[in-house]
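Asks: Attaching a single structure in structure tokens format; questions to follow.
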Amino acid sequence: MSRAKFEPVDLGMMIMALIASRDARGIERGIRIWFDNKLAEPLIVLGEGGRLERVLENLIENAVSFSPEGGVITITASRDHDILTVSVEDQGPGVPESAREQVFRRFQSLRPAGEAFGKHSGLGLAIARTIVEAHQGTINVESRSDGAEGARLVVRLPARNAT
């Protein structure tokens, strides 16, 4: 990442494109993805677009993986002064508070009992954290904003004004 060229990236457009792509491929188990963009302006950050896309894609795929049949994944975006926040909430089993840092370690994957590990390397969130931190941001697991069961992964990045 030290040689990456950072340019203005519109995370809102990126999120909408990722959702459209995921919809086109089909989302198993009747899961729906909803983007709640609370801003009327572009969601601009300075970064390396391909890497930021990988972060968002990892978060969406993770949420799909843990969502129950017919579940809804909600992606929200907001801005507080110079910080842009994107959160991805699912209706899965959630992440116990005691394991919220553990999930960002390489080869860690908390799976419900009886679920096959197969397709999950335990690298997605570790990679996401590395990329987000290289963009001067943070990524954390938090409780869902509505208090319901499920995971909420939150990315905070320095915002840029649209030019």
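Asks: Given the Cα-Cα distance of SER98 and ASP23 and 0.36 nm per residue of separation, how much length would full extension add, in nm? Show your work: numbers first, answer last.
Replies: Values: separation 75, 0.36 × 75 = 27.00 nm, distance 3.35 nm.
The SER98-ASP23 span can extend by a further 23.7 nm.
Asks: Roughly how many percent of the accessible protein surface of the chain is carbon and sulfur, given a 1.4 Å probe and a whole-percent answer? Intermediate values should be presented prior to the final figure.
Replies: Numbers: 4380 of 8880 Å².
Looking at the chain in its full context, I get 49 percent from C and S.
Asks: Each label point is 7 Å from the Cα along the Cα-to-Cβ direction; what then is the distance between the points at GLU69 and PHE35, in nm?
Replies: Rounded to a tenth, the inter-label distance reads 3.0 nm.
Asks: Could you state the accessible area per residue of the chain in Å², with a 1.4 Å probe and every protein chain left in place?
Replies: Numbers: 8880 Å² over 163 residues.
Counting only protein heavy atoms, the per-residue value for the chain is 54 Å².
Asks: Counting only residues 5 or more places away or on other chains, whose amide H sits under 5 Å from the amide H of GLU48 once H atoms are built in the peptide plane?
Replies: GLU7
Asks: Moving on. Counting pairs of alpha carbon atoms under 8 Å apart in space and at least six apart in sequence, what relative contact order in percent does the range 1-114 give?
Replies: On the way: 143 pairs, mean separation 29.7, N = 114.
Worked out over the range 1-114, it gives 26 percent.
Asks: Here is a further query. Diagonalise the Cα gyration tensor of the chain and give the resulting equivalent ellipsoid semi-axes, square root of 5 times each eigenvalue, largest first, whole Å.
Replies: Numbers: eigenvalues 123, 64, 46 Å².
Those come to 25, 18, 15 Å.
Asks: Can you report the principal axis dimensions of the range 12-92 using only the alpha carbons, biggest first, rounded to whole angstrom?
Replies: Principal axes ranked by extent give 37, 23, 18 Å for the Cα atoms.
Asks: Note the direction-averaged projected area, equal to a quarter of the hull surface, for the Cα convex hull of the range 1-59, in nm². Please list the in-between numbers first.
Replies: Working: hull surface 19.0 nm².
For the range 1-59, the mean projected area of the Cα convex hull comes to 4.7 nm².
Asks: Once whole DSSP H runs in the chain are found, which of them have Cα atoms spread over 24 Å or more along the helix axis and a mean Kyte-Doolittle score of at least -0.5? Display every interim value, and only then the final one.
Replies: On the way: long enough: 49-66 (26 Å, 0.04).
Once both thresholds are applied, what remains is 49-66.
Asks: Follow-up. Could you put GLU133, GLU48, GLU57, GLU89 in order of accessible surface area, largest first, with the 1.4 Å probe and the full protein assembly present? Kindly include the intermediate steps, with their values, before the conclusion.
Replies: Values: GLU133 100, GLU48 50, GLU57 70, GLU89 20 Å².
Ranked from most to least accessible, the order is GLU133, GLU57, GLU48, GLU89.
The values are calculated or read from the model by the stated rules, or taken from the named source; none is laboratory data. Quick caveat: nothing in here was measured; it's all calculated off a predicted structure. Here the Cβ is made from the backbone with ideal geometry for all residues, glycine too, and neighbour counts use every protein chain on show. Each accessible area value is taken on the protein alone, full model and side chains, heavy atoms only, with ligands, DNA and RNA left out. Shrake-Rupley method; radii C 1.70, N 1.55, O 1.52, S 1.80 Å.
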